[in-house]
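One structure below.
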């Protein structure tokens, strides 16, 4: 008997595109190699057969469609007037992109949708250090040393003294930049209730800091760490984000804000300037390396590589045993 030939049903164009667009772990870039962030407002974000796109409708140009590089974005900031579909959110999560809901101009983060982490290795390191007062103090001191130079936090230096030193240095930095740009006396203020009455420097600084928080948040969640377990800050879901962001403010966002003291649109200019300069700063690789060296200073890291998610079962003797295995007694 001659066997019947087997035939395979051809994929439709729509299904073929979806299969090609579905990423694998090996296809995704490392968080250190990703683009920084993208701010969107007054757009509709949805998923079609080829990817995620944003639709912008204006009276002059009608409806325009812009495709988003989801696999390469570390985070997306959604401003007022933005709508997003469930399919688009699924694609962002699959590609490891953090979604932040923000106020106008990217200022003030209201909520965050984070992707599923690939591994809990760094979360476990962070939790062990956070629950041990000695280790937590050592990491907090290391953070101050990253900001002010080695030798700042000696063995006898308490956190209270370090906080006082930080306040003095930041105040002196403000005064130095105020004299440089000849804007008189400056006082840092953040008042959402009377937002429009604030001076351009405060507006620009708040906008740039929010963008910085989004980038740091994306790096933390990509590593699998918890944004809530801070070592200097405490009692907030963004505590660790504030810890890491503080490492870079004096170098990046504060000088940028003072340079926009005469800008008619300091919020938008701060956001655009910060995004354009991030490649020059190489900030994402720096954030990843700093977090890893703070949590595990005995090793040197160049950034996390994509790895398959491994789920084990905890065991008090061996540490872990394989999951997905029937551990019942064999008959």
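The values are calculated or read from the model by the stated rules, or taken from the named source; none is laboratory data. Note that the structure is predicted; figures quoted are calculated from it, not measured. Note that each Cβ is placed from the backbone with ideal geometry, even for glycine, and that neighbours are counted across all protein chains shown.
Count of segment 213-229 residues, restricted to those that are surrounded by fewer than 24 Cβ atoms within 10 Å (Cβ to Cβ) and under 26 Å from residue 160 (Cα atoms), is 4. Considering segment 174-227, the residues that are in a loop (DSSP other than H, G, I, E, B) and either under 13 Å from the mean Cα position of the chain (by Cα) or outside the structural domain of residue 265 (by TED's automatic domain parsing) (or both) include one that is farthest from residue 130 (Cα to Cα), namely 224.
Restricting to segment 73-86, name every residue that is loosely packed, with under 13 Cβ neighbours inside 10 Å and in contact (Cβ under 8 Å) with a residue 12 or more places away in the chain. Spell out how you get there, then give the answer.
Here is the first cut: in segment 73-86, the ones loosely packed, with under 13 Cβ neighbours inside 10 Å are 80-81, 83, 86.
Correct list: 80, 81, 83.
Residue 40 fulfils the conditions (1) closer than 18 Å to residue 217 by Cβ; (2) over 20 Å from the mean Cα position of the chain (by Cα) except for a single criterion, (2).
Kindly establish whether residue 171 is closer than 30 Å to residue 185 by Cβ, modelled with pLDDT of 90 or more and in a helix (DSSP H, G or I). Working first, answer last.
Details: closer than 30 Å to residue 185 by Cβ: yes; modelled with pLDDT of 90 or more: yes; in a helix (DSSP H, G or I): yes.
The answer is yes for residue 171.
Among the residues of segment 257-268, the ones that are surrounded by fewer than 20 Cβ atoms within 10 Å (Cβ to Cβ) and touching a helix residue (DSSP H, G or I) at 6+ places or on another chain (Cβ under 8 Å) come to 5 in all.
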